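First up is the structure itself, then whatever we jot down about it.
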Amino acid sequence: MVKNLKIKAARALMDMTQKDLAEAVGVTRQTMNAIEMGDYNPTLNLCVSICKVLGKTLDDLFWEE
Amino acid sequence: MMTKLDSKNYDERQMIDRYKISFETMLLTFVLIFISGMINIFHGPWAAGNTQMMILLSIPTSYFAVRVVLKRAYFSVRQKSYAVSLILFGATGLLNLGNFVLDLMNGGSIIENGVLSEDLFSFFLALPFILIPAAYFILKQTDKNNAEDD
């Protein structure tokens, strides 16, 4: 799987660390890291949670061109 | 908070890893019970009754515990500090290990009448309790080394 740099960029825009985002959506920092590194494919529920916290849509963060 | 997942203890990645490792542990338990049974049938007992039971419990438990610690799926999302748990595990393990060593020093033996002795019970009881903090320590050291490399 490819790295998800969009989450990292959106997180940086909101000045959030991986730990902040992980706590906001109720997962461990390691899980958030695995998602950004492309090592773990999150469920739709988690994707939606991440989008809500970062104020983005699913397309913005998870759609691959 | 609306965006939080429902899981009370583990997040979804941790749950998936725990399911996978649980299945592997179940297979390992079946294999060990099968091997133990075959030895019992064709060769006779290979360990004292309680020791045999403890070995068949301890090895799969240790396997599960170490694998989930290394996959970062042992401690729950809500657990903020692992130190107390790790110290308690380590202390329990060391107490049982101490009991095993004392038994050996007081004339106990590992093999008695050609089978693993009752004295090994404490050792196998201690095994998972010692391996959990050890695995966590190795994980932390690896993280530290990786951070230094970065």
Go through (1) touching a Gly at 6+ places or on another chain (Cβ under 7 Å); (2) in contact (Cβ under 8 Å) with a residue 40 or more places away in the chain for residue B:120 and report which single condition fails.
(1)
So which pairs qualify, if the first residue must be in the stretch B:66-89 and within 11 Å of another protein chain (Cβ to nearest Cβ), the second must be among the basic types (Lys, Arg), the Cβ gap must be under 6 Å, and the two must be at least 6 apart or on different chains?
B:73/B:18
So, in the stretch A:36-55, of the ones that are outside any helix (DSSP H, G or I) and crowded, with 18+ Cβ neighbours inside 10 Å, which residue ends up nearest to the other protein chains (Cβ to nearest Cβ)?
A:40
When residues of the stretch B:19-51 are filtered for being assigned to a helix (DSSP H, G or I) and within 20 Å of residue B:97 (Cβ to Cβ), how many remain?
2
Listed residues B:25, B:29; which is modelled with pLDDT of 95 or more and under 22 Å from residue A:28 (Cβ atoms)?
B:25
Quick check on my filter: what residues within the stretch A:36-56 are more than 17 Å from residue A:1 (Cα to Cα) and free of Cβ contacts under 8 Å to residues at least 12 places away in the same chain?
A:45, A:48, A:51, A:52
Looking at the stretch B:94-136, which of the residues that are acidic (Asp, Glu) and touching a strand residue (DSSP E or B) at 6+ places or on another chain (Cβ under 9 Å) is least open to solvent (accessible area, probe 1.4 Å)?
B:119
Is there any pair with a first residue in the stretch A:20-35 that is more than 8 Å from every other protein chain (Cβ to nearest Cβ) and a second that is of a type in the set (Gly, Ala, Ser) whose Cβ atoms are under 8 Å apart and which are 6 or more apart or on different chains, and what are they?
A:29/A:22; A:32/A:22
Out of the residues in the stretch A:4-18 that are under 16 Å from residue A:34 (Cβ atoms) and in contact (Cβ under 8 Å) with a residue 40 or more places away in the chain, state the one that is surrounded by the most Cβ atoms within 10 Å (Cβ to Cβ).
A:7
What single numbered condition from (1) open to solvent by less than 80 Å² (accessible area, probe 1.4 Å); (2) closer than 30 Å to residue A:21 by Cα; (3) β-branched (Val, Ile, Thr) fails to hold for residue B:29?
(2)
Answer from B:139, B:88 - the residue that is open to solvent by 30 Å² or more (accessible area, probe 1.4 Å) and either closer than 22 Å to residue A:31 by Cα or assigned to a helix (DSSP H, G or I) (or both):
B:88
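The values are calculated or read from the model by the stated rules, or taken from the named source; none is laboratory data. In this text the structure is predicted, and so the values were computed from the model without any measurement. In this analysis, Cβ positions are derived from the backbone assuming ideal geometry, glycine residues included, and neighbour counts consider all displayed protein chains. The area values use the complete protein model at the heavy-atom level, side chains included, leaving out ligands, DNA and RNA. Shrake-Rupley method; radii C 1.70, N 1.55, O 1.52, S 1.80 Å.
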